[in-house]
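Could you have a look at this structure, given as structure tokens, before my questions?
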Amino acid sequence: MQNIIISNRSKFDEIISNFKAWWFDKIHIVSDFDRTLTFNIVDWEERPSLISVLRKKKILWEDYSKKAYELYDYYHPIEVDPNIDLQIKKDEMTKWWNAHLDLLVQSKLNISDIEKAINSGIVKLRSGVPDFLKFLDKNNIPLVIISANWLGWDSMKLFLESHNLFFTNTYIESNSFIWDDNWYAIWKWSEVIHTFNKDEKILENNPFIFDKIKDRKNVILLWDSLWDVGMIDWFEYDNLLKIGFLNKEVERDLEIYKQNYDVVIINDSDFSFVNEIISSILQN
């Protein structure tokens with residue numbers, strides 16, 4: 001598979017061997033949503049998230065899109081600048097996420113607006129992800145999705161439900177809204193999750209999810225960003241397999257992804273390799 005790069009073959013083989021030594025009830029999977037479970041490119045256009053659909057298609061009133069892009073133009077350079085201190089980035093991202101979530105509330109976001117973004121067909125699951133989700137459900141392996149998505153928990157649940165792929169073993173930790181009786185967002189709920197504070201430690205405050213995974217010490221991490229690769233470090237795992245999706249700038253970033261991930265999947269490829277790994281572990 002030319003789009004699959006194993007960073008260190010001997011280390012990879014050792015991890016897989018260790019996984020096989022344990023039964024499936026010792027495994028859980030942690031994944032991002034946008035650009036990990038979904039394609040980064042659809043019809044030759046970058047389409048990273050449902051929130052981008054909301055902006056581009058002007059599903060909310062036009063002034064929302066204008067103000068959302070103004071926030072993006074100010075804060076995104078801070079987000080990606082490698083020379084800015086991490087704590088400063090965290091502080092600025094907290095401001096950005098809060099400002100955007102407040103903007104969505106002020107713009108009268110309705111659950112129907114999220115459904116319009118979902119039904120647009122612009123955001124698509126990677127090939128093989130439906131089989132991945134069904135396999136985990138069949139084998140009762142917890143999948144924890146941790147996402148900084150501005151449309152939050154409801155959007156991912158509705159998206160998966162629209163494909164008949166939201167199962168009882170799937171747990172989502174993300175931003176969320178409080179809705180009124182007519183399903184308008186009236187407040188953001190709890191502390192925001194943004195690019196630089198996504199880690200499983202937040203699950204300690206969510207016993208409903210944490211109780212499902214705390215004794216499952218073998219973890220498969222699926223992510224597309226270098227910032228999130230350490231999100232599992234706090235968890236006392238026995239074995240960890242890190243799979244990273246490098247969707248663009250492959251020539252520039254491949255080496256640093258190889259340093260941080262055990263497997264790198266490039267060129268916005270599908271989920272077939274992930275499915276093969278998990279199947280081989282459970283069939284041992």
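The values are calculated or read from the model by the stated rules, or taken from the named source; none is laboratory data. This one's a predicted model, so the numbers in the text were calculated from it and none came from an experiment. With ideal geometry, Cβ positions are generated from the backbone for all residues, glycine too; neighbour counts draw on all protein chains shown.
One residue is enough: does segment 187-201 have a residue meeting the conditions at pLDDT 90 or above and within 19 Å of the chain's Cα centre (by Cα)?
Checked segment 187-201: no residue is at pLDDT 90 or above and within 19 Å of the chain's Cα centre (by Cα).
Is it the case that residue 50 is crowded, with 20+ Cβ neighbours inside 10 Å and touching a Leu at 6+ places or on another chain (Cβ under 8 Å)?
In short, yes.
Could you list, in sequence order, all residues of segment 173-186 that are within 23 Å of the chain's Cα centre (by Cα) and either on the phi > 0 side of the Ramachandran plot or of a type outside the set (S, T, N, Q) (or both)?
Correct list: 173, 177, 178, 185.
Does residue 190 fit the bill of being without any contact (Cβ under 8 Å) to a residue 40 or more places away in the chain, farther than 23 Å from residue 38 by Cα and of a type in the set (Gly, Ala, Ser)?
yes
Can you find a residue in segment 112-134 that is aromatic (Phe, Trp, Tyr), at pLDDT 95 or above and part of a helix (DSSP H, G or I)?
yes
Please work out which residue is nearest to residue 234 (Cα to Cα), limiting yourself to segment 162-187 and to residues that are of a type in the set (A, V, I, L, M) and in contact (Cβ under 8 Å) with a residue 24 or more places away in the chain.
172
Only one of (1) loosely packed, with under 14 Cβ neighbours inside 10 Å; (2) without any contact (Cβ under 8 Å) to a residue 24 or more places away in the chain; (3) within 30 Å of residue 127 (Cβ to Cβ) is not met by residue 246, so which one is it?
Here residue 246 clears every test but (1).
Additional query: Would you check if residue 23 is under 30 Å from residue 139 (Cβ atoms) and either charged (D, E, K, R) or at pLDDT below 85 (or both)?
In short, yes.
May I pose another question? Looking at segment 249-280, which of its residues are crowded, with 20+ Cβ neighbours inside 10 Å and in a helix (DSSP H, G or I)?
Listed by number, the residues that qualify are 257, 274, 278.
When you go through 73, 63, 137, 81 one by one, which is the residue that is without any contact (Cβ under 8 Å) to a residue 60 or more places away in the chain, buried (at least 16 other Cβ atoms within 10 Å of the Cβ) and over 22 Å from residue 176 (Cα atoms)?
137
Given the residues 232, 281, 266, which is the only one that is β-branched (Val, Ile, Thr) and more than 25 Å from residue 18 (Cα to Cα)?
None of the other options fit; the residue is 266.
Taking residue 229 and the conditions (1) modelled with pLDDT under 90; (2) closer than 30 Å to residue 105 by Cα; (3) in contact with a Leu (Cβ under 8 Å, 6 or more places away or on another chain), which numbered condition does it fall short on, given that it satisfies the others?
(2)
Additional query: For residues that are assigned to a loop (DSSP other than H, G, I, E, B), among the hydrophobic types (A, V, I, L, M, F, W, C) and farther than 19 Å from residue 99 by Cβ, tally how many sit in segment 147-168.
Total satisfying the criteria: 3.
Which pairs have Cβ atoms under 6 Å, sit 6 or more apart or on different chains, and link a residue in segment 257-278 that is farther than 12 Å from residue 40 by Cβ to one that is of a type in the set (Gly, Ala, Ser) and buried (at least 19 other Cβ atoms within 10 Å of the Cβ)?
257/244; 261/244; 264/244
Then there is this: Yes or no: segment 103-113 includes at least one residue that is on the phi < 0 side of the Ramachandran plot, out of contact with any Leu (no Cβ under 9 Å at 6 or more places or on another chain), of a type in the set (Gly, Ala, Ser) and crowded, with 20+ Cβ neighbours inside 10 Å.
No: segment 103-113 contains no residue that is on the phi < 0 side of the Ramachandran plot, out of contact with any Leu (no Cβ under 9 Å at 6 or more places or on another chain), of a type in the set (Gly, Ala, Ser) and crowded, with 20+ Cβ neighbours inside 10 Å.
Hey, another quick one. With a cut-off of at least 3 residues that are of a type in the set (D, E, K, R) and within 28 Å of residue 110 (Cα to Cα), name the helices (runs of 4 or more DSSP H) lying wholly within segment 1-95.
Once the helices (runs of 4 or more DSSP H) in segment 1-95 are filtered for at least 3 residues that are of a type in the set (D, E, K, R) and within 28 Å of residue 110 (Cα to Cα), what remains is 62-80.
Another question, then. Checking the condition farther than 15 Å from residue 54 by Cβ, in contact with a helix residue (DSSP H, G or I) (Cβ under 8 Å, 6 or more places away or on another chain) and not small (Gly, Ala, Ser), which residue from 151, 158, 133 passes?
Of 151, 158, 133, the one residue that is farther than 15 Å from residue 54 by Cβ, in contact with a helix residue (DSSP H, G or I) (Cβ under 8 Å, 6 or more places away or on another chain) and not small (Gly, Ala, Ser) is 133.
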